[in-house]
Amino acid sequence: MVKVPSNKDLCLRCKGGKFLCGLTFCPIILKTKALLPVRKILPKLRNEYYGPSPPSLFVGRFGYPKVRLGPMASLNWEDIDVIDEPDQWQTNLTMEDVVNLRARLFRFMAEPIKVTEVSSRSKVLEITQEQIQATSPVQLEMKFSKKPRLDLNFDRFTQPMGARVQINSIQLASTPKIDQKVDRVVADTDLKANDAVARLYSDESTVTQITRLFSAGLLGLEKKRRFVPTRWSITAVDDILGNNLRKQIQDYPEIQDYMVFHNSYLDNDFWVLLIPGREWHFDYHETWKQDSAWNPGSSTPGILTDTEGPNGRKSYAINTVGGYYAARLAIQEKLAQMRRKAAVVAFREVGKGYAIPLGVWQVRENMRKAVNSPCYHFGDLNQALKFIGGRVTIPMRFYSQKSPILNRKTLDEFF
């Protein structure tokens, strides 16, 4: 989604040069510029492609329980090691940097296949599953009959992606190097999916790498393996890892004072408040400021909240969706590292400068950066809230009304 101002004449009068909408960049021009290098290369592709895959894949969700899937591949070797590894991206990349990086990554899609057909003899499937297990980029050779569909796909769950191509055939042009730890987990068809995710994580696979294997139907009991659409697999892996960490940190002693962390990126402000408490509790607030991309023309902020207690969630976080699980995982990682438990209130304030969705990776990575930044310590809750309240743009009373943790009755239960 790219925000277009409600006043249609505004874009015509501005033409991307006067920033009449209040942004510091034009989303339309940003997208057009990102596609320029791709437009120059497309005529040279004809009906075949020979080039590197990060390694990566994409599994669509439309048509489920039949899905389209296939490898993603880049137009050249530039930044190939990080082009599909947001865990390794520096959070000082501009929005334009991210869009330009991802515009070169094509989705090569095969014919629809049932999600249960993970052992299909399809050559596309076989090679896709093999190349995503690799520890480094591989060369692919593919043929297609239709011209690539030139577009940039933006989604609040996944990173931006470039053109889509319907492929007819595929070949490996180099031999994938597969880590033995990954190979053992994939080969173990008696290992449940949740346990496989946990083992890969303990073996220091990145969240993105685990998500790819999960999405490709390579984890879990043999008869229960399934293809999982990419956007669903991102949240599923964040949730599995988060639930495992929640159980782990429950056995740790509680923190002794009130701790506050902060990070800001791409007109997103992230605040984390850790509260001494006997058990794990988590509130996540996602606030869209006035005139931000998903709150246009509003005179009041839009605050969405999801929460959980010591036993976790029994239902999907319908308000803040994937961002909830990404933020929670980052904070739980920090508590596990500290070997401490706490009640947590996390805030994300989104301004109008975040006009293009880049995916939940930026929530996870920015929360990680926040909790690993210098910490502010306070002796009581009022001091901590006063500190945060003087820096967030939304009055703290609005958050207190939404937050079960900041509700006085709930706080009394903690102590």
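Read the figures in this text as sums done on the coordinates, not as results from a lab. Here the structure is a predicted model, which is why all the values come from computation and not from measurement. Here the Cβ positions follow ideal geometry from the backbone for every residue, glycine too, while neighbour counts run over all protein chains shown.
Report the Cα centroid-to-centroid distance between the stretch 135-161 and the stretch 218-257 in angstrom, as an integer. Spelled out, the Cα-based centre of one part sits 27 Å from the other. Near Ser174, the amide H atoms lying under 5 Å from its own belong to Gln139; only residues 5 or more places off or on other chains count, and H is placed 1.01 Å from N.
Computed from backbone phi with θ = phi - 60° and the Karplus coefficients 6.51, -1.76 and 1.60, the 3J(HN,Hα) list for the stretch 59-72 is 10, x, 10, 5, x, 3, x, 9, 9, 9, 8, x, x, 10 Hz; x is used for glycine and proline.
By other beta-carbon atoms within 10 Å, ranking Tyr64, Tyr284 with the fewest at the front produces Tyr64, Tyr284. Inter-part distance, the stretch 167-204 to the stretch 333-349, computed on C-alpha centroids, equals 30 Å. In this simple spin-label model, placing a label point 7 Å from the Cα along the Cα-to-Cβ direction at both Ile318 and Phe387 gives a separation of 3.6 nm. Using only Cα atoms, find the angle between the long axis of helix 193-202 and the longest principal axis of the chain, and express it within 0 to 90 degrees, rounded to the nearest 10. Helix 193-202 sits roughly 80 degrees off the main axis of the chain. Distances between placed amide hydrogens fall under 5 Å for Cys375 paired with no residue 5 or more residues away or on another chain. Close amide H contacts of Met109 (hydrogens built in the peptide plane, cut-off under 5 Å, sequence separation of 5 or more or a different chain): Val165, Gln166, Ile167.
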